[in-house]
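**Student:** Structure provided below as structure tokens; questions to follow.
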Amino acid sequence: MPSRKFADGEVVMGRWPGSVLYYEVQVTSYDDVAHLYTVKYKDGTELALKESDIRSQSSFKHRKSQSSSSSPSRRSSSRSRSRSRSPGRPAKGRRRSASQSRDLKDDKKKTIQETSLALPVLVLFKPSENNTKRYNGEPESTEKNDTSCIILEQKLKPDLEIKRVLEQYSLRSRKDDKKKEEIYSEKKTFVAVKPIEKVPTKTKELEFGGRIGTFMLILLLPATVFYLLLMCKQDDPSLLNFPPLPALESLWDWRVFGVFLLWFLLQAVFSLLPIGKVVEGLPLSNGRKLQYRINGLYAFILTAAALGILLYFQIELHYLYDHFMQFAVSAAAFSLALSIYLYVRSLKAPEEELAPGGNSGYFIYDFFTGHELNPRIGSFDLKYFCELRPGLIGWVVINLAMLLAEMKIHNLSVPSLSMILVNSFQLLYVVDALWNEEAILTTMDITHDGFGFMLAFGDLVWVPFVYSLQAFYLVGHPTTITWPVAAAITVLNCIGYYIFRSANSQKNNFRRNPADPKLANLKFIPTATGKGLLVTGWWGFVRHPNYLGDIIMALAWSLPCGFNHILPYFYVIYFICLLVHREARDEHHCKQKYGLAWERYCQRVPYRIFPYIY
């Protein structure tokens, strides 16, 4: 096994991936398995580099360069020429004829033309001042607002730059064969411009309170769901009126568990149908792109058709309301079993398939956050499926069941105005998520978080049974509102939805294709990763405008329940806490990823979620 060449803490020169530029970096660690050095640039960016991409500082001392047109006598006396003489070059001591010199010049011109064609990528990396700042993570003096400049830059190839590249990568022999092979291997790497395979390292910074915090959350999350559902069943759902605990045998029903399994399998079958387009996700740490079938909206339509058939044959959905607590217990038991399966299978997963935030080595923490990033059974992606299908579509089904239960219990010919508003607002939210299903591929849940208890319980239990809390509350506590109040609440929800949707559309379109002419009016700050940080539109207003729209909609969903109790406002209170915590996670990750460019962005956009407040 080859020994490492550079020690931890040593300051060396590291080549920036995909370029010919070297920068001063500090070695932080070394992976004995992948033989990769983790280095840290001055702007805080950390990358994994091969040993061939690292040089000692002493090798960058100024050396006097030899002219490519030196005299034959000087070339013949050079030690670097004695070992690798060109076949067309005469032996030492022999003079060339005029015809031989002309032939040699023609061959040299041909070689230069061929080399210039073989190295088109090298010309793109100009060692100008702005380029150096950009690859160091420092933004340029002004933000770019014309994304087409990326395309124009690739078309500009000055003669001076070609000459510089040819001098560095000419076909003349070097001091020894080893040096020559090293240069040519670098040349091939530049032409291919392949991303460096970054092997996930151990998670050092633990979130959610570490091992103790995640252990407590595993216990508190199910307890919170059951407490909220029991409170809604009471005549007086005040916080001080603690509900009586039901008998344990009344919480479990095998028939209910069977219905839940049937629902889960039905949605899995819908997701596997060969309908809808297939798209690629964002590149993983090893450069791979997973494929996903986008057919969530079709699954929703098929589910609606199935519900219509059930109602046609007079199969009442009131059963869901009567056994609501038992359905929640069944979903919690299933999510726990799924989490155990996910953790056990992750122990055999390759290192590069582990989640960057769930590879701490601590069982409880990795079990909660998720050890494997994208667990799949064949082409069936478990995390992607659970994100939108059984829980999100199930949320709409539960709301519909509560609407029908309200009509039956209170002998109403039509649902109450409050129930109609809650169902309509949340139906719009779910349909929007399914219509823009492809956008979820760029979220933190897919790109960073592993699939463990946190997402499994959240997708299968928390979303359908907590997000439907307003509809469940209105069944037992009907609230009457006037039409003007309903109109005001509707306007508030529309404002929140407009901010949420337009902000997400700007972000997703820019991430997918920043060179799109439709986005030419957007200004952005370039970063060392090659991505840009938007500073115009909604993203120049606050750093997370989509969170702001989400919170406004959450408030509109709770207002139809009135102000008699705080229980229906649990969702908006929880959602503010969730998004503030997620925003803090985003800030931490972006600062590590973008370095100085993120600090510049924070100065340009000082408010995080709430303008002029936070």
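The values are calculated or read from the model by the stated rules, or taken from the named source; none is laboratory data. Not measured: the values here are computed from a predicted model. Neighbour counts are summed over all protein chains in view; Cβ atoms, including those assigned to glycine, are modelled from backbone coordinates with ideal geometry. Note: areas computed on protein heavy atoms with side chains; ligands, DNA, RNA excluded. Shrake-Rupley method; radii C 1.70, N 1.55, O 1.52, S 1.80 Å.
**Student:** Considering only the range 566-614, state which residues are touching a Leu at 6+ places or on another chain (Cβ under 9 Å) and hydroxyl-bearing (Ser, Thr, Tyr).
**Tutor:** Tyr569, Tyr571, Tyr594, Tyr601
**Student:** How many residues are buried (at least 18 other Cβ atoms within 10 Å of the Cβ) and on the phi < 0 side of the Ramachandran plot when one looks only at the range 365-382?
**Tutor:** Residues meeting the conditions: 12.
**Student:** Additional query: Only one of these conditions is not met by Glu207: (1) open to solvent by 60 Å² or more (accessible area, probe 1.4 Å); (2) among the charged types (D, E, K, R); (3) under 39 Å from the mean Cα position of the chain (by Cα). Which number is it?
**Tutor:** (1)
**Student:** Given the conditions (1) open to solvent by less than 30 Å² (accessible area, probe 1.4 Å); (2) modelled with pLDDT of 95 or more, report the number of the one that Asn295 does not fulfil.
**Tutor:** If we test Asn295 against (1) open to solvent by less than 30 Å² (accessible area, probe 1.4 Å); (2) modelled with pLDDT of 95 or more, just (2) comes out false.
**Student:** Still on this structure, please answer the following. Any residue in the range 418-434 that is within 25 Å of the chain's Cα centre (by Cα), among the hydroxyl-bearing types (Ser, Thr, Tyr) and surrounded by 19 or more Cβ atoms within 10 Å (Cβ to Cβ)?
**Tutor:** Checking the range 418-434: at least one residue is within 25 Å of the chain's Cα centre (by Cα), among the hydroxyl-bearing types (Ser, Thr, Tyr) and surrounded by 19 or more Cβ atoms within 10 Å (Cβ to Cβ).
**Student:** So, Asn521, is that one within 30 Å of Glu406 (Cβ to Cβ) and in a loop (DSSP other than H, G, I, E, B) or not?
**Tutor:** Considered against the rule, which asks whether it is within 30 Å of Glu406 (Cβ to Cβ) and in a loop (DSSP other than H, G, I, E, B), Asn521 comes out as no.
**Student:** Under the condition of being open to solvent by less than 100 Å² (accessible area, probe 1.4 Å) and not in a loop (DSSP other than H, G, I, E, B), which residue from the range 233-251 is farthest from Val329 (Cα to Cα)?
**Tutor:** Among residues in the range 233-251 that are open to solvent by less than 100 Å² (accessible area, probe 1.4 Å) and not in a loop (DSSP other than H, G, I, E, B), the one farthest from Val329 (Cα to Cα) is Ser250.
**Student:** Tell me, which helices (runs of 4 or more DSSP H) lie completely within the range 351-415 with 3 or more residues that are more than 23 Å from Leu434 (Cβ to Cβ)?
**Tutor:** Per the criteria, 363-369, 394-409.
**Student:** From the set of residues in the range 1-47 that are assigned to a strand (DSSP E or B) and in contact with a helix residue (DSSP H, G or I) (Cβ under 6 Å, 6 or more places away or on another chain), which is nearest to Ala597 (Cα to Cα)?
**Tutor:** It comes out as Arg15.
**Student:** It is to be established whether one or more residues within the range 435-444 are under 20 Å from Gln267 (Cβ atoms) and in contact with a Phe, Trp or Tyr (Cβ under 7 Å, 6 or more places away or on another chain).
**Tutor:** yes
**Student:** How do the pairs read when you match residues in the range 478-500 that are among the small types (Gly, Ala, Ser) with residues anywhere that are open to solvent by 50 Å² or more (accessible area, probe 1.4 Å), using Cβ under 8 Å and keeping only pairs 6 or more apart or on different chains?
**Tutor:** Gly496/Leu555
**Student:** I'd like the residue in the range 299-328 that is β-branched (Val, Ile, Thr) and open to solvent by 30 Å² or more (accessible area, probe 1.4 Å) and, out of all such residues, is farthest from the chain's Cα centre (by Cα).
**Tutor:** Per the criteria, the residue is Ile315.
**Student:** Does any residue of the range 569-588 turn out to be at pLDDT below 85, over 20 Å from the mean Cα position of the chain (by Cα) and open to solvent by 20 Å² or more (accessible area, probe 1.4 Å)?
**Tutor:** No, there is no match, as no residue in the range 569-588 is at pLDDT below 85, over 20 Å from the mean Cα position of the chain (by Cα) and open to solvent by 20 Å² or more (accessible area, probe 1.4 Å).
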